[in-house]
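Participant: The structure under discussion is supplied below as structure tokens; questions concerning it will follow.
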Amino acid sequence: MTRNSTTSKAGRGFRAWPETLVFALLGFTGAGAASGAGPALEPASCHTVRLADVGWTDVTATTAVLSQVLRGLGYDPQTTLLSVPVTFAVMKGGNIDVFLGNWMPAQTRDRQPYIDDGSIEIVRENLSGAKYTLAVPLYAALMVYGPPSVPAGLTSTSDTASSVGLSWSASTDSTGTLAGYTVYRNGASIGTTNASTTTFTDSTVQPSTTYSYTVDAFDTAGNHSAQSSAIQVTTPGAPPPSAHWVQGGAVSTGTQVTSVTITLTSPVSAGDLLAGWFGQYNSSGQVSVSDNVNGAWTRSSAATTFGSSSGDIALFYLQNSAAAPSGLTITITAANATYLEAAAADYSGVATTGALDQVAVAKGNSTTVDSGPTASVGAGELVVGAILTGGSAGTVTAGSSQGQAFTMRSQAGSGSADLEDILVSAAGAQDARATFSSATDWYAVAAVFHQA
């Protein structure tokens, strides 16, 4: 908001005013102008300066200051109390010379016709950045408007061992200036949201603990509503340890044999999962897998052959292993002498029954390997990817699934047998992927196992 000084151009007219009065209206008082010599040389009709005052404190004060300046210059200021519309009309008629208090843009409609017809002229802006509004003390506003309404419908939307999600219905405020919400846990404030956000996540909770939550609304005037009805939330217990890789190994025979072994030298804990991708190149019958502690492993439905129909490749696993404090030896066997390949691993933290969830198998001949997608799985499962090759793959680089990178765990020479994993999956279909430095035929499996 700005306040302007205006002068009449009727009658004597602004342009007829002597230089000393123009300086006074512009807010300047030089040594020459203050001498009082100006009015003595002017017509008598110019000695009286007629000012309008509309009774506002600021305009009254400004007009009084100008009057003192004019008297010092030798003029005779005369002030008349008028309304704003009357002031402009009288200025047009030549009966008021100066008005210091038209507020813009609030009084544009009152003033503009006289600007347009040239009967008044704006001298300058004499105040800027001011407020032109109705104001009351804060305590009065609070008494009139009151606080926002109490938030309703507080509920828990999601609970984990480490977080609690809350939501509620929006409040209303009679002033239209709702500012936000305060969330309380066990009576103490734990955070705020803005006016458009009616959800909150408390990430500072502990497992297996009961909490009481309430929420209130507040506005820009500082009013707080009463707190909502309380809800009780009990967080679940901490999840079991996630699956993790313990140890593994890989083998690829350079000669034709009927059996080969992979030794896991570290202890195998009771309940561990043993899993791997095993193949025999061109023997009759199926490859078989066992270990010296648990015996025969379970052959899964994930299987394929070398080339178009040679040999046998399959995913074998053994869930809920017996403890093997000194490690164990895995034996891969074929009915006849052949080339044998295998990659296997030991995992803890996996389900001891019904461990295998989904599988996918594919084969090809290229530098890029992809098992194809499994059926969609939930987040947090163990994904095992394994690859056997018919030739030298060179350097093998682990791929990714659902944006998560695999970790390469076991490799035989020249990349002919490889095993990688993702310990905690993102939700969705899973693919075992990798890249070779040299193209060769490859046979890949993706196997997803449930966490314990």
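The values are calculated or read from the model by the stated rules, or taken from the named source; none is laboratory data. Keep in mind it's a predicted model, so treat the numbers as computed, not measured. All Cβ positions, glycine included, derive from the backbone under ideal geometry; neighbour counts span all protein chains shown. In case anyone asks, the SASA skips ligands and DNA or RNA and just uses the protein heavy atoms, side chains included. Shrake-Rupley method; radii C 1.70, N 1.55, O 1.52, S 1.80 Å.
Participant: So which residues in region 413-424 are buried (at least 22 other Cβ atoms within 10 Å of the Cβ) and on the phi < 0 side of the Ramachandran plot, if there are any at all?
Facilitator: Ser416, Ala417, Asp418, Leu419, Glu420, Asp421, Ile422
Participant: Related question: Run down Ser400, Ser437 and say which single residue is among the hydroxyl-bearing types (Ser, Thr, Tyr), open to solvent by 30 Å² or more (accessible area, probe 1.4 Å) and without any contact (Cβ under 8 Å) to a residue 40 or more places away in the chain.
Facilitator: Values: Ser437 fails: without any contact (Cβ under 8 Å) to a residue 40 or more places away in the chain.
Testing whether each residue is among the hydroxyl-bearing types (Ser, Thr, Tyr), open to solvent by 30 Å² or more (accessible area, probe 1.4 Å) and without any contact (Cβ under 8 Å) to a residue 40 or more places away in the chain leaves just Ser400.
Participant: Next question. Specify which of the listed residues (Val260, Val251, Val246) is in a strand (DSSP E or B), under 30 Å from Thr160 (Cα atoms) and either among the β-branched types (Val, Ile, Thr) or free of Cβ contacts under 8 Å to residues at least 24 places away in the same chain (or both).
Facilitator: Numbers: Val260 fails: under 30 Å from Thr160 (Cα atoms); Val251 fails: under 30 Å from Thr160 (Cα atoms).
None of the other options fit; the residue is Val246.
Matching residues to (1) within 30 Å of Thr57 (Cα to Cα); (2) at pLDDT 85 or above; (3) surrounded by fewer than 17 Cβ atoms within 10 Å (Cβ to Cβ):
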{"site": "Gln107", "(1), (2), (3)": "yes, no, no"}
{"site": "Arg124", "(1), (2), (3)": "yes, no, yes"}
{"site": "Pro148", "(1), (2), (3)": "no, yes, no"}
{"site": "Gly153", "(1), (2), (3)": "no, yes, yes"}
{"site": "Leu166", "(1), (2), (3)": "no, yes, no"}
{"site": "Ser189", "(1), (2), (3)": "no, yes, yes"}
{"site": "Ala195", "(1), (2), (3)": "no, yes, no"}
{"site": "Phe200", "(1), (2), (3)": "no, yes, no"}
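Participant: I've got another one for you. Of all residues in region 220-233, how many are surrounded by 13 or more Cβ atoms within 10 Å (Cβ to Cβ) and part of a strand (DSSP E or B)?
Facilitator: Here the count works out to 3.
Participant: Can you name the residue in region 292-327 that is aliphatic (A, V, I, L, M) and more than 21 Å from Gly364 (Cβ to Cβ) and, of all such residues, is most open to solvent (accessible area, probe 1.4 Å)? Don't jump to the end; show me each part of the working.
Facilitator: Taking region 292-327 as the starting set, the residues that turn out to be aliphatic (A, V, I, L, M) are 293, 296, 302-303, 313-315, 318, 322-324.
When the remaining residues are screened for being more than 21 Å from Gly364 (Cβ to Cβ), the result is 293, 296, 318, 322-324.
On the way: Val293: 59, Ala296: 78, Leu318: 19, Ala322: 43, Ala323: 58, Ala324: 4 Å².
Per the criteria, the residue is Ala296.
Participant: To continue, here is another question. Yes or no: region 372-389 includes at least one residue that is more than 42 Å from the chain's Cα centre (by Cα) and surrounded by 22 or more Cβ atoms within 10 Å (Cβ to Cβ).
Facilitator: For region 372-389, residues more than 42 Å from the chain's Cα centre (by Cα) and surrounded by 22 or more Cβ atoms within 10 Å (Cβ to Cβ): present.
Participant: Which members of region 351-394 meet the condition of being modelled with pLDDT of 95 or more and β-branched (Val, Ile, Thr)?
Facilitator: Within region 351-394, Thr352, Thr353, Val359, Val361, Thr367, Thr368, Val369, Thr374, Val383, Val384, Ile387, Thr389 qualify.
Participant: Name the single residue, out of those in region 82-95 being within 27 Å of Gly129 (Cα to Cα) and part of a loop (DSSP other than H, G, I, E, B), that is least open to solvent (accessible area, probe 1.4 Å). Can you show your working first?
Facilitator: Residues of region 82-95 within 27 Å of Gly129 (Cα to Cα): 82-88, 91.
The next check asks that each one be part of a loop (DSSP other than H, G, I, E, B); those that pass are 82-83.
Working: Leu82: 40, Ser83: 56 Å².
In this case the residue turns out to be Leu82.
Participant: Okay, next question. When region 370-387 is examined, which residues are found to be in a strand (DSSP E or B) and touching a Ser or Thr at 6+ places or on another chain (Cβ under 7 Å)?
Facilitator: Matches in region 370-387: Val377, Val383, Gly385.
Participant: For Thr177, only one of the following conditions fails: (1) modelled with pLDDT under 90; (2) over 30 Å from the mean Cα position of the chain (by Cα). What is its number?
Facilitator: (2)
Participant: Tell me which residues, restricted to region 246-291, are within 43 Å of the chain's Cα centre (by Cα), of a type in the set (A, V, I, L, M) and open to solvent by 10 Å² or more (accessible area, probe 1.4 Å).
Facilitator: Result: Val246, single match.
Participant: All but one of (1) farther than 21 Å from Ala355 by Cβ; (2) at pLDDT 95 or above; (3) part of a loop (DSSP other than H, G, I, E, B) hold for Ser284; state the number of the condition that does not hold.
Facilitator: Condition not satisfied by Ser284: (2).
Participant: Taking Ala217, is it open to solvent by less than 40 Å² (accessible area, probe 1.4 Å) and assigned to a strand (DSSP E or B)? Working first, answer last.
Facilitator: Values: open to solvent by less than 40 Å² (accessible area, probe 1.4 Å): yes; assigned to a strand (DSSP E or B): yes.
Judged against the criteria, Ala217 is a match.
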